[in-house]
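The values are calculated or read from the model by the stated rules, or taken from the named source; none is laboratory data. Just so we're clear, the structure is a prediction, and the values are computed from it rather than from any experiment. As a convention, Cβ positions derive from the backbone with ideal geometry for all residues, glycine included, and neighbour counts pool all protein chains shown.
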Amino acid sequence: MSQSVIRVKNVIKEFKIPHERIDTLREYFIHAFHPKSYEVFLALNNVSFEVRRGEFLSIIGRNGSGKSTLLKIIAHILKPNSGTVIVDGSISPFLELGVGFQAELSGRENVFLYGALLGFSRAEMKRRYDAIVSFAELERFMDQRVKNYSSGMVVRLAFAIAIQAEADIFLVDEVLAVGDIDFQKKCFGVFERLKAEKKTIVFVSHDLSAVRRFSDRVLLFDKGSIKADGVPRDVIALYERS
Amino acid sequence: MTKKNNYFNITREFAITDFKLRYQESILGVLWSFLRPLVMFGVLYMVFSKFARFDIKDYQFYLLLGILLWNFFSEATTASMIGLSSRAGLLKKINFPKSIIVVSSTLVAFLNFILGFIVFLSLLFYFHGVFFNGVIVTFLMSFVMLLVTLGLSFFLAAIHSKFKDVIHLWEIFLQMGFWITPIVYSVQMVPDRYQFLLILNPVFQIIEHSRNAMLYGVVLPMPALIKIVGFSFVVFLIGLLVFRSRQDYFAEEL
């Protein structure tokens, strides 16, 4: 019997979009005497669903429909205004690739920095170092600074490090958007491996063919709520019609 | 891997990164961390021992120790605020203990202080002689200073996340603080009716106790020690609590 490892219940997330952003004390005091002027943007409107252990769940939907916000809430980066998220198991904490990188440092130095954020000690990273470099195909560039890398190189290196994480749940946000066909093939290889290892994956992507190929189940988001939840073929068809 | 280990690992990586980034591509590298307080020391020493003459015993050591401790305090608090806002991108994408940013920034400044202190100690040993008790008291005071500074850094970084004015206010405050605190001059020069300002100033207490012990062999009495250690714990705890109550909003505010 498969049990739920992620339980999202009645999650509401609002963002206040000030007409002017109140960033300084002066503005704060000025605004204290005026009615606050901001719009409330409802990023997630009462979202509930569960993810079972070993499931490959994809989330699709237009830009701004709340997909990435949801991932950030599951990863405990953002706090929902109301509702609960219960996660059973360790989460690989990367969402977008390469954000932890320091552009001024070399690729080698960044491997250790990023590794620490993923929960690895220096010694463990040393053991995995060669595997990371060869997966990323950056043997010749490791002593170069990351600021001189192409965007494809950054993503390759970040992905190579990120897949080292020994988590139960992987949250993957748009990794396929950057990178060439070879890189995509590598990503697919990793997805296959994670699936074979019965890891739980929540995958946000606009690449519908990848979604169709790997997903057990697909959620379609529209304006902050779940519009459809079902097998890939039906949900994707609905999305393409809308 | 345990959580504690992981906290330690990230702290170390952040500290190494800060250190490398700061001195990368500069020819003198880490020497800069000595040069800044040293130049400040040189100018102030010149002015207050040659131009306006202060009659303070062993003034050069008196001044240098004060500057080193104050520099740590001012560097750490500013670096913590900058550290938090410069890692905004990371905070928005990865979930990790946010206090690490403040802890690592403060530790880098503390490491700088320790290096400077070793230089100070060698000079003192060579030219003046070292009281054993003085070293013990100063070590203790350094950790009291670390605790106070961490507490303030937590507090400042947390409110700086919301109000970007805080760092500018703090810089002015530091500049005033340096002159209001008896660092270049002595506590005896402060008129009685202004002395109350000093009782409320933990940084002054720490500097004064260190100097008294280090240079003149006067060790602070036990009740005073307990009071200042207790006080530093309170500052630390308040700072940490404020930080913890605000940290969930950093990803949105920064």
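Of the residues in segment B:184-219, how many are hydrophobic (A, V, I, L, M, F, W, C), out of contact with any helix residue (DSSP H, G or I) (no Cβ under 6 Å at 6 or more places or on another chain) and crowded, with 20+ Cβ neighbours inside 10 Å?
0
Has segment B:162-182 got at least one residue that is within 24 Å of residue B:133 (Cα to Cα) and touching a residue at least 12 places away in the same chain (Cβ under 8 Å)?
Yes, the conditions are met somewhere in segment B:162-182.
Sort through B:237, B:225, B:215 and tell me the only one that's under 18 Å from residue B:65 (Cα atoms), among the hydrophobic types (A, V, I, L, M, F, W, C), more than 14 Å from chain A (Cβ to nearest Cβ) and in contact (Cβ under 8 Å) with a residue 24 or more places away in the chain.
The match here is B:215.
For segment A:70-108, which residues satisfy the criterion of being among the hydroxyl-bearing types (Ser, Thr, Tyr) and either facing chain B (nearest Cβ under 8 Å) or farther than 29 Å from residue A:153 by Cβ (or both)? Walk me through it before giving the result.
Quick first cut of segment A:70-108, residues among the hydroxyl-bearing types (Ser, Thr, Tyr) only: A:82, A:84, A:90, A:92, A:106.
Passing the criteria: A:82, A:84.
What about residue B:105, is it assigned to a helix (DSSP H, G or I), touching an Asp or Glu at 6+ places or on another chain (Cβ under 8 Å) and closer than 19 Å to residue B:247 by Cβ? Don't jump to the end; show me each part of the working.
Numbers: assigned to a helix (DSSP H, G or I): yes; touching an Asp or Glu at 6+ places or on another chain (Cβ under 8 Å): yes; closer than 19 Å to residue B:247 by Cβ: yes.
It is true that residue B:105 is assigned to a helix (DSSP H, G or I), touching an Asp or Glu at 6+ places or on another chain (Cβ under 8 Å) and closer than 19 Å to residue B:247 by Cβ.
Per-residue answers, yes or no, for (1) modelled with pLDDT of 90 or more; (2) buried (at least 22 other Cβ atoms within 10 Å of the Cβ); (3) within 27 Å of residue A:111 (Cβ to Cβ); (4) within 23 Å of the chain's Cα centre (by Cα):
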site: B:12; (1), (2), (3), (4): yes, no, yes, yes
site: B:15; (1), (2), (3), (4): yes, no, yes, yes
site: B:22; (1), (2), (3), (4): no, no, yes, yes
site: B:42; (1), (2), (3), (4): yes, no, no, yes
site: B:61; (1), (2), (3), (4): yes, no, no, yes
site: B:80; (1), (2), (3), (4): yes, yes, yes, yes
site: B:102; (1), (2), (3), (4): yes, yes, yes, yes
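In a helix (DSSP H, G or I), closer than 20 Å to residue B:190 by Cα and polar (S, T, N, Q): does that describe residue B:74? Give the derivation first.
Working: in a helix (DSSP H, G or I): yes; closer than 20 Å to residue B:190 by Cα: no; polar (S, T, N, Q): yes.
No.
So which pairs qualify, if the first residue must be in segment B:79-90 and free of Cβ contacts under 8 Å to residues at least 24 places away in the same chain, the second must be in a loop (DSSP other than H, G, I, E, B) and small (Gly, Ala, Ser), the Cβ gap must be under 7 Å, and the two must be at least 6 apart or on different chains?
Sorted first by the residue in segment B:79-90, then by its partner, the pairs are B:90/A:100.
Hey, does segment A:153-176 have a residue that's more than 26 Å from residue A:76 (Cβ to Cβ) and over 16 Å from the mean Cα position of the chain (by Cα)?
Within segment A:153-176, one or more residues are more than 26 Å from residue A:76 (Cβ to Cβ) and over 16 Å from the mean Cα position of the chain (by Cα).
Would you point out which residue out of A:82, A:2, A:37 is modelled with pLDDT under 90 and within 30 Å of residue B:156 (Cα to Cα)?
Unique residue meeting the criteria: A:37.
Looking at A:207, A:216, which one is in contact (Cβ under 8 Å) with a residue 60 or more places away in the chain, more than 20 Å from residue A:72 (Cβ to Cβ) and surrounded by fewer than 19 Cβ atoms within 10 Å (Cβ to Cβ)?
Only one candidate qualifies: A:216.
Only residues that are out of contact with any helix residue (DSSP H, G or I) (no Cβ under 8 Å at 6 or more places or on another chain), within 14 Å of chain A (Cβ to nearest Cβ) and in a loop (DSSP other than H, G, I, E, B): list them for segment B:2-58, please.
B:2, B:24, B:25
Of all residues being facing chain B (nearest Cβ under 7 Å) and not polar (S, T, N, Q) in segment A:110-121, which is nearest to the chain's Cα centre (by Cα)? Just the residue, please.
A:117
Might you check whether a residue that is within 14 Å of another protein chain (Cβ to nearest Cβ), within 30 Å of residue B:52 (Cα to Cα) and of a type in the set (Phe, Trp, Tyr) occurs anywhere in segment B:149-170?
Taking every residue of segment B:149-170 in turn, at least one turns out to be within 14 Å of another protein chain (Cβ to nearest Cβ), within 30 Å of residue B:52 (Cα to Cα) and of a type in the set (Phe, Trp, Tyr).
Any idea which of A:127, A:140, A:193 is within 14 Å of another protein chain (Cβ to nearest Cβ) and free of Cβ contacts under 8 Å to residues at least 12 places away in the same chain?
Selected residue: A:127, the only one of A:127, A:140, A:193 that is within 14 Å of another protein chain (Cβ to nearest Cβ) and free of Cβ contacts under 8 Å to residues at least 12 places away in the same chain.
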